[in-house]
Amino acid sequence: MERLINFIYEYRAFLTFLLLELSCSWLVIENNQYQSTKYFNSSNRLAANILGFSQGVREYFSLRTINEELAQENANLRTDLEKLNQLKNNYFPVDQDSTDADQYEFVSAKVIANSTNLYKNFITINKGSEDGILPGMAAISNDGAVGKVKSVSKNYSVLISLLNVDEQLSCVIKRTNHFGSVRWDGLHQRYSNLLFIPRHATPVVGDTVITSGYNAVFPEGIMVGVIRKANLQEETNFWDIQIELSQDFGRLSFVEVIKSRLKNEKDSLEQVTIGIAK
């Protein structure tokens, strides 16, 4: 113990300098989008390989559960595919424009790293730019919305999880069609908050919350959660609503990244329109 104290005392200046350098580097990365993106892209490959190995060891001991989830997911996908084919035949005949039916394309990916105990949680998947993944694309699972792509390398992508205090998702209460934003408060991984629901709305416990479709990232109607608490204070204009997320992020194994063919067109039109209005 005495040697350790002497070592720290002898090199106190260097250790203090090293600590300050690390703190400055972290502040630069945390508060600058460009440096943050560069950091994620440069460290993603090494971290993904290490985390992929550890994830593989954990999955070895839970193969039964994973196989059951895959079987259920395949069954649901077959059902959805059949419904989609019926919709195309009924509402989008060959001689009519079927752009709306073909707006989204799905890319399946495996989760190789997933944090749930931080204020800003991220998910790493094993698909990247070679698979057509781009920053800003949405990600869902068999249970509901998961997050949005933040950064991409050749073979991997990092997603901003819904368990991230900086992420918001446009949603509606399915029964009443009132829309607001879901934003996590950093307290519990199974619960989030539904914000900006006006006081004249009538949300009740048990109401389903789904994506609104007001942007071209998430399709309309993706499950987000179920209302568990709904309170209204006299002096406020909005409801205080807590929802239970449909996706248990502690059990997330696979996601589907959504590629929207109409996103660029929609964003370009909105930018032009806003520019003209200004």
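Taken together, the values in this text are just the output of simple stated rules run on the coordinates, not laboratory data. Note that the structure is predicted; figures quoted are calculated from it, not measured. Cβ coordinates were reconstructed from backbone atoms using ideal geometry, including for glycine residues, and neighbour counts include every protein chain displayed.
Only residues that are farther than 19 Å from Ala216 by Cα and crowded, with 20+ Cβ neighbours inside 10 Å were counted in the range 143-170, giving 6.
Asn121 - would you say it is within 14 Å of the chain's Cα centre (by Cα) and touching a residue at least 12 places away in the same chain (Cβ under 8 Å)? So Asn121 passes the test. Among the residues of the range 107-123, those identified as of a type in the set (A, V, I, L, M, F, W, C) and either touching a helix residue (DSSP H, G or I) at 6+ places or on another chain (Cβ under 9 Å) or surrounded by 16 or more Cβ atoms within 10 Å (Cβ to Cβ) (or both) are Val107, Ala109, Val111, Ile112, Ala113, Phe122, Ile123. Note on the range 171-245: enclosed strands (runs of 3 or more DSSP E) holding 2 or more residues that are surrounded by 19 or more Cβ atoms within 10 Å (Cβ to Cβ) and of a type in the set (A, V, I, L, M) are 208-211, 223-231, 240-245.
Evaluated against (1) over 21 Å from Phe179 (Cα atoms); (2) surrounded by 15 or more Cβ atoms within 10 Å (Cβ to Cβ), Gly250 falls short on exactly one condition, (2).
Each row is one residue, and each column tells you yes or no for (1) of a type in the set (A, V, I, L, M); (2) under 17 Å from Ser212 (Cβ atoms); (3) in contact with a Gly (Cβ under 8 Å, 6 or more places away or on another chain).
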| residue | (1), (2), (3) |
| --- | --- |
| Gln103 | no, yes, no |
| Ile133 | yes, no, no |
| Gly144 | no, yes, yes |
| Gly147 | no, yes, no |
| Val158 | yes, no, no |
| Asp166 | no, no, no |
| Phe179 | no, yes, no |
| His188 | no, no, no |
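Counting the residues of the range 124-145 that are touching a helix residue (DSSP H, G or I) at 6+ places or on another chain (Cβ under 8 Å) and either part of a strand (DSSP E or B) or within 17 Å of Val182 (Cβ to Cβ) (or both) gives 1.
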